[in-house]
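Right, one structure below, let's go through it.
The values are calculated or read from the model by the stated rules, or taken from the named source; none is laboratory data. Note that this is a predicted model, so its numbers are computed, not measured. Here the Cβ positions follow ideal geometry from the backbone for every residue, glycine too, while neighbour counts run over all protein chains shown.
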Amino acid sequence: MVLTACQETYLDLDPEDSVTEAAYYTTAAQFKAASNYLYLGLGGWRTLWGGVEYFDFGTDLTGLAQSYGRGDDEVPESDDFWDDTYEYIRDANTILEKAEEYDGDASDIEEYVAATYFFRAYHHFFLLQRYGGVPIVTEVLDVDSDVLSSARNSRYEVFAQVLADLDLAIADLPTEDEIATADKGKISKYAAEAFKAKALLFEGTWEENVGTTTDGDGVSNGAGLTVPADYMSTTEMLTMANALAKDVMDNGGYSLWNHNDDLDNLSNLYLFDLEDAGSNPAGLEKASNNEFILYQKFDYDLYQGSEIISHVMYGRGAPSRKFMDMFLCLDGKTIFDSDDFQGYATCATEFENRDYRMRSYFADVDVDVWDIFSAGTLILPGASDGGGVGWKNRKFYSYNYGTYRSGEEESFDYPIIRLAEVYLIYAETLYELNGSLTDAQMEESINLVKERAGLPGITNATLAENGMDIYEEILRERAVELYLENSRYLDLKRLGLAEDALSESICGPIVEGTEYEDDLDLYDPDDYIYGCEAIETPLGLLDAVIVDPSSIRNFERTHYLFPLPIDQLDLNENLLQNPGY
């Protein structure tokens, strides 16, 4: 492990560039420093994890198409996702092997060893989600290690290893209230439990909905179908995920960040650019946030984002027509059923009486993003400009960008799991297990998320009255609440919905019957080479501009997994490519 890299982080790391690995790992402080280095591998702004796939830029919810969302993946020569993830796994294995040799009191390093088990699970799970079954690596490899020439482990073997490592982590990690203020951002027992619940939900629903269709036979392609002895059933996975989510909810000490009274009902905006008191009109600081459970920590003085986060998120996160129509009205009904929906006549009317998150997330490209209704019109810029939808995203957009913060200075934390997602995991697993939720179960989970968004809580009676389905409502909440948080693309795949959702046309604003008709200053049809498509609206079929047509979107079951890179196949002839590539 190259310990000089530790100098870039601020998690209590000391430069150790003059110490060799053979002479290292003799004190608890050295194990702490080494385990702290692994935090760089969490998803965040400064790492390889900031790729377009990670932020869901190419799904059905965004206007700016990406090749992976179209099903245009080609086999790459190399893949940093593969290489860098295995580098972190090697670093974790080094720490674990050195812990076995440690001559001191094992209790002095158990927290750091537990965190290392977590990271080894975290990275194997990332590989599983991206490629399916991959080689499991639980030792420090040498040039003659058998793993370097072995076949892929099946997804079932990989997931069993993930669970085993998470159990070892959970046993010795501190609870959240045992982590000192100066160490916030370190992994707690409840963070590991939340991650395990998330992993169990993913794999349990993947096996139910996708099954073995992406695995290959392990002889001519893919990772094969080997299932370990005593492998959990999907019912056992979902039951465990539900219990873990409930433990985090009841005992983790977390709470939703709701400051709507002080922030004009925009908690779902300012939570995601929260830094010091200058990051929002209410003067709230990061210490006020008790919602993030597992997250990558950044700091303006010590560890800035170092990427033009606001600029990139502003354009790439622009919404599709489909997503804009997902937001409920404030009476809790869909736009198809609510008398509160004000139509599409102007850019402002469709925002009226809607879920607070709609206004939290989106802004007019041509006006101050903090005053989105100051202009009465929305100019449609053409299909080549940010997806051509006009509206832009402001989730993860720094407050007073360019004044308070400039590009590469943004230093808000990046959430990997937060309490709102745990509530939705709890709700979804209950539905998967029972086919329904009780009113009390809705009240302690999904309704808390709705409340912050200005929506009334749901009951079985109100769902029936409004013609709504609880399962569809849980999935809609996931789409809206977890927007751009590495959720939508994975959800579509684990639920077996990606072929349909990602092969549809991506559309922008409605133009028929709106201010855009007959006003070339607002909208020039010649700027949209794919024309318009009639889509279903509460007002009947209306034309919306097409920004990415279905004719060039061909997402198939093959694309549920990414291809293995050519350089790895050349290095190991026993590695087999995923089916269809």
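Computed values, structure above
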{"item": "Scan of the stretch 530-573 for residues that are more than 30 Å from residue 126 (Cβ to Cβ), loosely packed, with under 13 Cβ neighbours inside 10 Å and hydrophobic (A, V, I, L, M, F, W, C), ordered by number", "result": "534, 541"}
{"item": "Complete set of residues in the stretch 484-503 that are among the aliphatic types (A, V, I, L, M) and either under 15 Å from residue 129 (Cβ atoms) or part of a loop (DSSP other than H, G, I, E, B) (or both)", "result": "484, 490, 492, 495, 497, 498, 502"}
{"item": "Whichever residue in the stretch 245-291 is of a type in the set (Asp, Glu) and part of a helix (DSSP H, G or I) and, among such residues, is surrounded by the most Cβ atoms within 10 Å (Cβ to Cβ)", "result": "273"}
{"item": "Checking residue 465 against (1) buried (at least 18 other Cβ atoms within 10 Å of the Cβ); (2) more than 30 Å from residue 526 (Cβ to Cβ), the condition it does not meet", "result": "(1)"}
{"item": "Any hit, the stretch 504-526, residues being touching a Cys at 6+ places or on another chain (Cβ under 8 Å), β-branched (Val, Ile, Thr) and over 29 Å from residue 238 (Cβ atoms)", "result": "yes"}
{"item": "Single condition residue 294 does not satisfy, out of (1) buried (at least 21 other Cβ atoms within 10 Å of the Cβ); (2) over 30 Å from residue 190 (Cβ atoms); (3) modelled with pLDDT of 95 or more", "result": "(2)"}
{"item": "Selected residue (criterion: nearest to the chain's Cα centre (by Cα)) from residues of the stretch 178-193 that are over 23 Å from residue 138 (Cα atoms), assigned to a helix (DSSP H, G or I) and modelled with pLDDT of 95 or more", "result": "190"}
{"item": "Hits in the stretch 203-236 (condition: touching a residue at least 24 places away in the same chain (Cβ under 8 Å) and farther than 16 Å from residue 154 by Cα)", "result": "205, 208, 209, 234, 235"}
{"item": "Positions within the stretch 423-452 being small (Gly, Ala, Ser) and buried (at least 24 other Cβ atoms within 10 Å of the Cβ), in sequence order", "result": "427, 445"}
{"item": "Unmet requirement for residue 434, which otherwise passes all of (1) more than 25 Å from the chain's Cα centre (by Cα); (2) closer than 18 Å to residue 358 by Cα; (3) without any contact (Cβ under 8 Å) to a residue 60 or more places away in the chain", "result": "(2)"}
{"item": "The stretch 504-519, residues that are in contact with a Leu (Cβ under 8 Å, 6 or more places away or on another chain) and either outside any loop (DSSP other than H, G, I, E, B) or closer than 30 Å to residue 199 by Cα (or both)", "result": "508, 509, 510"}
{"item": "Pairs where the first residue, in the stretch 92-107, is surrounded by fewer than 17 Cβ atoms within 10 Å (Cβ to Cβ) and the second is assigned to a helix (DSSP H, G or I) and among the aromatic types (Phe, Trp, Tyr), C-beta under 8 Å, 6+ apart", "result": "none"}
{"item": "Residue in the stretch 142-149 that is more than 21 Å from residue 234 (Cβ to Cβ), surrounded by 17 or more Cβ atoms within 10 Å (Cβ to Cβ) and touching a residue at least 40 places away in the same chain (Cβ under 8 Å) present", "result": "no"}
{"item": "Tally of residues being in a helix (DSSP H, G or I) and either of a type in the set (S, T, N, Q) or farther than 22 Å from residue 571 by Cα (or both) across the stretch 80-106", "result": "12"}
{"item": "Residue within the stretch 107-125 that is more than 28 Å from residue 422 (Cα to Cα), modelled with pLDDT of 95 or more and not in a helix (DSSP H, G or I) present", "result": "yes"}
{"item": "Total residues in the stretch 520-563, condition in a loop (DSSP other than H, G, I, E, B) and at negative phi", "result": "18"}
{"item": "Boolean, residue 407 is touching a helix residue (DSSP H, G or I) at 6+ places or on another chain (Cβ under 7 Å), in a loop (DSSP other than H, G, I, E, B) and over 26 Å from residue 350 (Cβ atoms)", "result": "yes"}
{"item": "Tally, over the stretch 310-354, of residues that are modelled with pLDDT under 90 and of a type in the set (Lys, Arg)", "result": "1"}
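Matching residues to (1) of a type in the set (D, E, K, R); (2) part of a loop (DSSP other than H, G, I, E, B); (3) modelled with pLDDT of 95 or more; (4) within 25 Å of the chain's Cα centre (by Cα):
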position: 147; (1), (2), (3), (4): no, no, no, no
position: 159; (1), (2), (3), (4): no, no, yes, yes
position: 165; (1), (2), (3), (4): yes, no, yes, yes
position: 197; (1), (2), (3), (4): no, no, yes, yes
position: 201; (1), (2), (3), (4): no, no, yes, yes
position: 206; (1), (2), (3), (4): no, no, yes, yes
position: 211; (1), (2), (3), (4): no, yes, yes, yes
position: 216; (1), (2), (3), (4): no, yes, yes, no
position: 227; (1), (2), (3), (4): no, yes, yes, no
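Residue-by-condition table, conditions (1) among the hydrophobic types (A, V, I, L, M, F, W, C); (2) in contact with a helix residue (DSSP H, G or I) (Cβ under 8 Å, 6 or more places away or on another chain):
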position	(1), (2)
125	yes, yes
128	yes, yes
138	no, yes
141	yes, yes
150	no, no
160	yes, no
166	yes, yes
177	no, no
180	yes, no
